[in-house]
Each structure stands twice: as structure tokens, then as C-alpha cells.
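Let me begin by presenting the structure, written as C-alpha cells, before commenting on it.
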Amino acid sequence: MCLFKSRSTLSLPSPFASVPPRYMSLPSIMAGRSVWRIFQFQETGLLLVILLLGVLLALFGGTVKMPLFETTPSGERQRVFVTSQNGEREPALVEKNKFLNAQNLAQLAKDTSTMFP
């Protein structure tokens, strides 16, 4: 059995490793890793892919013409019409992003929520 001399007394070897406190301080350990701590999880890659796909769909998804609605003083929604140069009454249309459209996102959330009970 090996005995270690510690200061003025003899002691048995400890089953645990002894590390000086300067190496175990939390700020020195986490200083360089605080930004990269997020990327330690496996799900981070999946979230990055989903975010990238969302950005690509928003940028390259194109636009769609949708009818313009307004709220009346009584609180009802009604379509907005404009008069053309010919004097005909035509519905007012607004161009919206196909992916970032609120109706599309709500439908997407409903469809995907039924996939996971």
C-alpha cells in the first residue's frame, strides 16, 4: 500500500481525484463554451434544418393574390371592391407571400398537429 505524505501527517490515498480549485472554477470552464452549449443537443440540427427550410420557402415561395377584407363599424368583415377604368366593380386584391400567409401557417399547424397525438 502506498502512503502519501500530506503536510505533517500520513494519509491513505483517496479514491477520488484531487484537482486544484483553479482548474474547476465554473467561469473558466464555460467561458469558451457558452455559445456552443446550444449545439450539444441532437435536436439542434433538426431545428436548424427546419429553420433553413422555412427561410427558403419564405424567400422562394412566391406570392399569391388574395382578396382584401375590411372590418365594418359593426364588426363584420366584408370584401373591398374598387371601380375599374371601365366603370366595373372589381374585388381589390393584395399580394401575399405564399408561405408566410397567416391562413397557410394556421392550416399547416392544424395538419401537423394531427400527426402527433
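Things worth noting here:
This table checks each residue for (1) of a type in the set (Ser, Thr, Tyr); (2) modelled with pLDDT under 90; (3) not assigned by TED's automatic domain parsing to the domain that holds Gly54.
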| position | (1), (2), (3) |
| --- | --- |
| Glu76 | no, no, yes |
| Arg79 | no, no, yes |
| Thr83 | yes, no, yes |
| Glu88 | no, no, yes |
| Ala92 | no, no, yes |
| Glu95 | no, no, yes |
| Thr112 | yes, yes, yes |
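- Positions within the range 70-103 being of a type in the set (Phe, Trp, Tyr) and either in contact (Cβ under 8 Å) with a residue 60 or more places away in the chain or within 29 Å of Phe60 (Cα to Cα) (or both), in sequence order: Phe99
- Taking residues in the range 104-117 that are assigned to a helix (DSSP H, G or I), and partners anywhere that are modelled with pLDDT of 85 or more and among the aromatic types (Phe, Trp, Tyr), the pairs with Cβ atoms closer than 9 Å and at least 6 places apart or on different chains are Leu105/Phe99; Leu108/Phe99.
The values are calculated or read from the model by the stated rules, or taken from the named source; none is laboratory data. Owing to the predicted nature of the structure, the values given are computational and were not obtained by experimental measurement. Here the Cβ is made from the backbone with ideal geometry for all residues, glycine too, and neighbour counts use every protein chain on show.
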